[in-house]
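Structure, as structure tokens:
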Amino acid sequence: MLIIYKFLSKILQFILNILFILQITLMVLVFLTATYWFLNLINVTAFDFVSPIADFASNLVKTFYRQEVEIGGVYVDASLLLFDLLAVVFVFVITKSKYYFHRGMDILNDGIKGCEQRIEARFNKSLQKEVERNIKKCNNVAVLIQFAAKNMMIDSCWGGDAEAGVKEKEEEAFKTFYASIKNITGCKFAKTGDKMLILLNDFDKIDNLLHFIDLSVNRIRTNMKKKKWLLISYISVDVFDNQTNFKDDVYPLLEKLLTLRIQNEAVCLGNFCMRYELYPEPMYTPFLRGTYNLDGECDVWTLVKKN
């Protein structure tokens, strides 16, 4: 349909151009022949150069109509005058017809615009599906967790060794945490120094994993608080596909996110947010935390659980 609209539009534009040229030509002819006719009546030869054109116009009219006009008792050939009158009428008709041709052009242009918008919408929809397919290839999830324990009975006023028992409490927290989430299906666990890495091979289970992590950490934090210990958690999350080098690309980024020291919230980058937007009925809402320098300026997001 778009091709037909454009073809008709070109035809109308061509006709409009022809009408414009014809209109200008007739107006010039009317001016020349009318001036020649009038000056010829008063025997002024200034416009005699127009005589070939005037003779042609006069002969053309005489082919269809012969009539003389009486002026001051003298009969004058009126064919040239009639030509000018007909030309003026024809110019008027062209002017009116151009209005309707322009209306037709507007209708065709609206049709062309509508077709182009529909084509663009279909293209964008196809492109969006292609983008979503590429994003959904990132089906693997990595979660890196770090705990920091603090003795609430030690401060600058009462004194004491702030480091005493910290490592033991952190190890105890990791053991309890692992015991509570180790049975989540599809997950692999690894302890690396003072951090625990969780790998999930099915993004559809991301909410289940994050929910269990929240429950477990909050339960451990509550139990430690009863013993006058504060537990702070640092959590970073990322997604990746099967072609990504996890050791060189994903894990270093997870560690850098932890260095931001954003407490008790899971942090991630925009690639995780894009993947999470395609998740049906998400349990968490990503909030932009700020822009940080992580091998370049990056927007960092935190995942906040919905009420």
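Note on the chain: dipole from Cβ charges, positive end direction compared against MET274, GLN128, PHE174; the farthest Cα belongs to PHE174.
With a 1.4 Å probe and every protein chain kept in, tell me what percent of the accessible surface of the chain is carbon plus sulfur.
Carbon and sulfur together cover 60 percent of it.
In the context of the full set of protein chains, the chain has a per residue accessible area of 63 Å² (1.4 Å probe). Taking a Cβ cut-off of under 14 Å around PHE14, the surrounding Lys, Arg, Asp and Glu residues balance to a net charge of +3, with basic ones at +1 and acidic ones at -1.
Would you rank ASP84, ASP48, ASP295 by solvent-accessible area, highest first, keeping every protein chain in place and using a 1.4 Å probe?
Order by accessible area, largest first: ASP295, ASP48, ASP84.
What separates the Cα centres of the stretch 121-145 and the stretch 241-295 is a distance of 16 Å.
For the chain, the square roots a ≥ b ≥ c of the C-alpha gyration tensor eigenvalues yield an a/c of 1.5 or more together with a/b exceeding b/c, which makes the shape prolate. Close amide H partners of ASP202, meaning residues 5 or more places away or on another chain with modelled amide H under 5 Å apart, are VAL141. Count Lys and Arg as plus one, Asp and Glu as minus one, and take only other residues whose Cβ is under 12 Å from that of GLU132; the net charge is then +4. A cut-off under 14 angstrom between Cβ atoms defines the neighbours of ILE232, and their net charge, with Lys, Arg +1 and Asp, Glu -1, is +3.
Placing unit charges on the Cβ atoms only, positive for Lys and Arg and negative for Asp and Glu, gives the chain a dipole magnitude near 1540 debye about its Cα centre. Taking a ≥ b ≥ c as the square roots of the eigenvalues of the Cα gyration tensor, the stretch 169-307 is classed as rounded, since a/c falls below 1.5. Which whole DSSP H helices in the chain pass both tests: a Cα extent of 20 Å or more along the axis and a mean Kyte-Doolittle value no lower than 0.0? Sorted by number, the helices that extend far enough and score high enough are 2-41.
The values are calculated or read from the model by the stated rules, or taken from the named source; none is laboratory data. All of these numbers come straight from a predicted model, not from anything done at the bench. Neighbour counts run over all protein chains shown; Cβ positions are idealised from the backbone, glycine included. What goes into the accessible areas is simple: the full protein's heavy atoms, side chains included, and nothing from ligands, DNA or RNA. Shrake-Rupley method; radii C 1.70, N 1.55, O 1.52, S 1.80 Å.
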